[in-house]
Amino acid sequence: MATIFPFVFLRRGFREYLAYGNAVHEQGGGRRTLQKLHAAGELVVRGTLLFPNGGGSYRDFEAFWNARFGGFEPFLYRAQNPGAAVMGDAPAVESSTQKDFAATRRYVDTATLVVRKNGTVQTLGTHYSIVNESGATYVLGTSTKLVVRFGTAPGTGATVTLAYEFLFAVRFEGDDLPSEQELEAGGGGSSAVADRTLAVQLRETGPGFSYAAVPSAS
């Protein structure tokens, strides 16, 4: 299983957005067109962590950081803006025998997956199973796709929907702890530090990497 970033950002000054790579094309006659190179965009996160933190102590953060120091090692991040990590798919039923339906997103939290057929919620283990792109067990972080496999094909004309929360593969921007750390003794003296704030920046490992298949340029 992949490592998930456990720490919680302060809401003040927190930014979480998709950055797009653009290309400008000369069309002649002074006209130009702008093309988004990656329709998926690249998640960028900038914010401040306050310790003690709901995700662990400052020592826990140092251990998390040190495990990735020097290699920009990626990890998974669950978007903290409300609703930003929720996906709804409606894969097409292409034939009467089709049983497999792939999620659009790669890093799916299977505990949040809700599958419906013709509006009716289906039961895992009874109506469907979860597999990866090759039919083996789906493993968060290493499997390329999450596939919902029905025991009985829904049939032509049926409607299948998948709703779930997903994560992004990200890395730390930079390979050194930020210098703008702040320590506050909270009245307890230098030996009893109560609070520590730390500015942190995360960036998706590559545009569209959190998708099972990278969308085409638009």
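The values are calculated or read from the model by the stated rules, or taken from the named source; none is laboratory data. These numbers come from a predicted model, not from an experiment. FYI the Cβ positions are ideal-geometry reconstructions off the backbone, even for glycines, and counts take in every protein chain you see.
A few remarks follow.
- Given (1) surrounded by 14 or more Cβ atoms within 10 Å (Cβ to Cβ); (2) of a type outside the set (S, T, N, Q); (3) within 20 Å of Ser96 (Cα to Cα), number of the condition Ala158 does not satisfy: (1)
- Considering the conditions (1) touching a Lys or Arg at 6+ places or on another chain (Cβ under 7 Å); (2) of a type outside the set (S, T, N, Q); (3) within 22 Å of Arg105 (Cα to Cα); (4) at pLDDT below 90, Arg171 is excluded by exactly one of them, (4).
- Here Pro6 passes the criteria (1) in the same structural domain as Asp195 (by TED's automatic domain parsing); (2) within 29 Å of Glu133 (Cβ to Cβ); (3) in a loop (DSSP other than H, G, I, E, B) except the one numbered (1).
- Selected residue (criterion: modelled with the highest pLDDT) from residues of region 188-215 that are touching a His at 6+ places or on another chain (Cβ under 9 Å) and surrounded by fewer than 17 Cβ atoms within 10 Å (Cβ to Cβ): Gly206
- Of the residues making up region 56-94, those that are more than 25 Å from Arg12 (Cα to Cα) and touching a strand residue (DSSP E or B) at 6+ places or on another chain (Cβ under 8 Å) are Arg68, Phe72, Glu73, Pro74, Met87, Gly88, Asp89, Ala90, Pro91, Val93.
- Checking the stated criteria, Phe7 turns out to be aromatic (Phe, Trp, Tyr) and under 22 Å from Glu73 (Cβ atoms).
- Counted as qualifying within region 90-185 are the strands (runs of 3 or more DSSP E) with 3 or more residues that are touching a residue at least 40 places away in the same chain (Cβ under 8 Å) and not charged (D, E, K, R), namely 108-117, 147-150, 160-166, 168-172.
- So Asn81, is it touching a residue at least 24 places away in the same chain (Cβ under 8 Å) and not small (Gly, Ala, Ser): yes
- Conditions (1) over 23 Å from Arg78 (Cβ atoms); (2) surrounded by 12 or more Cβ atoms within 10 Å (Cβ to Cβ); number of the one not met by Leu146: (1)
- Qualifying position, being touching a His at 6+ places or on another chain (Cβ under 8 Å), more than 24 Å from Gly208 (Cα to Cα) and surrounded by fewer than 17 Cβ atoms within 10 Å (Cβ to Cβ), among Arg59, Arg32: Arg32
- When restricted to residues that are under 22 Å from the mean Cα position of the chain (by Cα) and surrounded by 11 or more Cβ atoms within 10 Å (Cβ to Cβ), region 117-138 contains 5.
- Boolean, Glu26 is under 16 Å from the mean Cα position of the chain (by Cα) and either among the charged types (D, E, K, R) or surrounded by fewer than 16 Cβ atoms within 10 Å (Cβ to Cβ) (or both): no
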